Amino acid sequence: AASAWARWGPTAGPPLERGGALARLDCHGPSALPAMPMKPEINNVLRGVWQHEMLNAPMQDPLHWCYGLWCPCCFSYQQRHKVLDITGEPYICCGGAMPCCAQPCDSRDPWLCLEACCCVHTSILSNRFVIQTRFDIANDPCDETLLQIMMCLNIIADFAQCCCDRETAENARCLSDLVNACVCSCMLTQQNLELQRIEQALTVQPYAGPPPYIFAVLPPAQQQMVQASQAFQHGPIGPMQPPPQVMQPGMPQGVPPGVQQGMPPGVQPAPALAAQGRTIMLTVPPNTFPGQSVQFQTPEGMPQQVVVPPGVAPGQQFTATY
């Protein structure tokens, strides 16, 4: 104890008090990476590839790479919002990776903001896990190598803080933090480029959930998230087996045929009037996301209900047919 006190000095304090190895386990690679693991049984069934390798992402979008480098918490916060808007899944802290936070939250904020600010590395990795498992994207060898380098440097930095002198420990930590910042920014940029491609593809074909072979190997908490999204969009059906949809003339994409079932008293079903082809512009209310139902009143004064289509966020407008 005396030698440790002499090594760190009376003002520096031991590693735990000055943010040392144990105090930093919540925000660095060795603990953040296992928080949302891409286990072999999951990665082996993924068939797709990233549009751009992580190593090339900064060259493809240097502005977003700088954004991720200087403000990763804001970038991760916006990215999770975009992912949840596309999938229609409820928000669960850290993507359901933490046993203490496995239940869906009533709303995204302020919980998502707190997650992105307090557990930024876990937030980034959670975004990555959801994107890969919902849209069938496997890590390539280059991505795996970068993640392993980041994890090894974090382990070395934590070991140096426990066993080396103060200057060596600080140098190791600075190197680890620098690599962490660069790799996390590359991940955010790579994921952002992929989401841009996904959003473009969704204009042709709406999101229908992950393929059944991926759903079967997801952890239980992840399966519940997907099932909650499917229940919003298709009603209470079996996991990942939505019934075929028959689109009626004038009906917007993403509106299941049976949404009129279970309407509150006084709300008339819309399909009977859909043949008339009347449309109205609606604004998505706050805390309402794709797959959820909203009520509106037609110009004729009749109450109606419609499902928010995929890709439409709160505050944005979409065309509803009644």
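The values are calculated or read from the model by the stated rules, or taken from the named source; none is laboratory data. Computed from a prediction, not measured in an experiment: that's the story for all the values here. Cβ atoms come from the backbone with ideal geometry, glycine included; neighbour counts cover every protein chain shown. Remember, those area values only see protein heavy atoms, side chains included, never the ligands or the DNA or RNA. Shrake-Rupley method; radii C 1.70, N 1.55, O 1.52, S 1.80 Å.
Look at the Cα gyration tensor of segment 172-229: its axes a ≥ b ≥ c give a/c of at least 1.5 with a/b at or below b/c, and that counts as oblate.
Measuring with a 1.4 angstrom probe and ignoring ligands and nucleic acids, GLU170 comes out at about 70 Å² accessible. Using a probe of 1.4 angstrom and keeping all protein chains present, the accessible surface of segment 115-179 works out to 40 square angstrom per residue. Full extension of the chain between GLN317 and LEU178 yields a length gain of 45.9 nm, computed as 0.36 nm times the residue separation minus the alpha carbon distance.
The Cα center of segment 156-216 and the Cα center of segment 59-86 differ in position by 11 Å. Neighbours of SER123 by Cβ distance under 9 Å: Lys/Arg scored +1, Asp/Glu scored -1, total 0.
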